[in-house]
Amino acid sequence: MHGAAPMAGSTRRRPQAATRSRPDRFAMMLETLVARYGLIALFLGAGIEGETVVILGGIMVHRGILPPLPAIAAAAAGSFVADQIFFALGRRFRDHRFVRRIRDRPAFARALATFERRPTAFVFAFRFLYGLRTVSPVAIGTTTLPTARFMGVNAASATLWGTTFVGAGYLFGQAIETAFGRIRPLEHVLIPAAAVILLLAIGVRGWRRRR
């Protein structure tokens with residue numbers, strides 16, 4: 001009599017486990033991965049890759065995988081820290097070969113010329129300007145702009161940037177829900193899978209740059 005109870009319990013659990021399909025288990029694994037490491041990935045991706053990762057983070061917010069305010073904070077912090085590092089490189093290591101390579105780019109001269117005309121406005125706006133985002137903080141670092149002033153304007157700009165692109169990703173997530181309406185059972189697999197693939201691609205790209 002005592003041995004029959006576990007058998008009954010095990011037979012009750014089997015149908016429940018069988019109802020969970022392999023794609024569902026895969027989707028749950030991906031969503032768990034993104035939820036656990038998503039904010040860290042968003043922080044790193046915002047600094048290394050930029051808008052693409054942050055928009056993807058906004059899609060994850062729309063999916064309910066990432067919380068909205070921490071996602072914005074992670075994106076803003078990643079962008080802020082990356083630009084502070086590039087500013088410090090221009091300020092402290094202007095003769096290093098990495099900085100010299102950046103100084104040889106045509107965009108470097110354009111960034112300096114624009115900065116000289118409107119210093120504060122350019123510090124606030126450069127991360128929104130295509131082709132000038134990487135070279136600009138290095139270029140500004142070679143000028144006499146005080147570090148504290150750059151830090152303050154950079155923080156305000158990074159906050160607006162993070163809010164803008166996380167919000168854009170959130171709205172894009174709504175468009176995805178509409179577009180995927182007919183194949184909705186696959187949506188919860190495809191979006192987290194795309195997140196993981198993109199993060200892997202960013203890692204490979206960063207590794208190749210360091211070689």
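The values are calculated or read from the model by the stated rules, or taken from the named source; none is laboratory data. All values reported here derive from a predicted model rather than from experimental measurement. Note that each Cβ is placed from the backbone with ideal geometry, even for glycine, and that neighbours are counted across all protein chains shown.
Taken residue by residue, region 102-116 has at least one member that is among the β-branched types (Val, Ile, Thr), part of a helix (DSSP H, G or I) and free of Cβ contacts under 8 Å to residues at least 40 places away in the same chain.
Among the residues that make up region 65-78, is at least one of them of a type in the set (A, V, I, L, M) and at pLDDT below 85? The answer is yes, given that some residue of region 65-78 is of a type in the set (A, V, I, L, M) and at pLDDT below 85.
All conditions but one from (1) within 20 Å of the chain's Cα centre (by Cα); (2) surrounded by fewer than 18 Cβ atoms within 10 Å (Cβ to Cβ); (3) over 20 Å from Trp161 (Cβ atoms) apply to Ile65; the one that does not is (2). Per the listing Ala82, Ala17, the residue uniquely modelled with pLDDT under 85 and out of contact with any Pro (no Cβ under 6 Å at 6 or more places or on another chain) is Ala17. Output the residues belonging to region 117-131 that are part of a helix (DSSP H, G or I) and without any contact (Cβ under 8 Å) to a residue 40 or more places away in the chain. Listed by number, the residues that qualify are Arg117, Pro119, Thr120, Ala121, Phe122, Val123, Phe124, Ala125, Phe126, Phe128. Test each condition in (1) over 27 Å from Gly131 (Cβ atoms); (2) part of a helix (DSSP H, G or I) for Gly64 and report the one that comes out false. Here Gly64 clears every test but (2). Output the residues belonging to region 132-176 that are among the basic types (Lys, Arg) and not in a helix (DSSP H, G or I). Arg133 - this is the single residue of region 132-176 that is among the basic types (Lys, Arg) and not in a helix (DSSP H, G or I).
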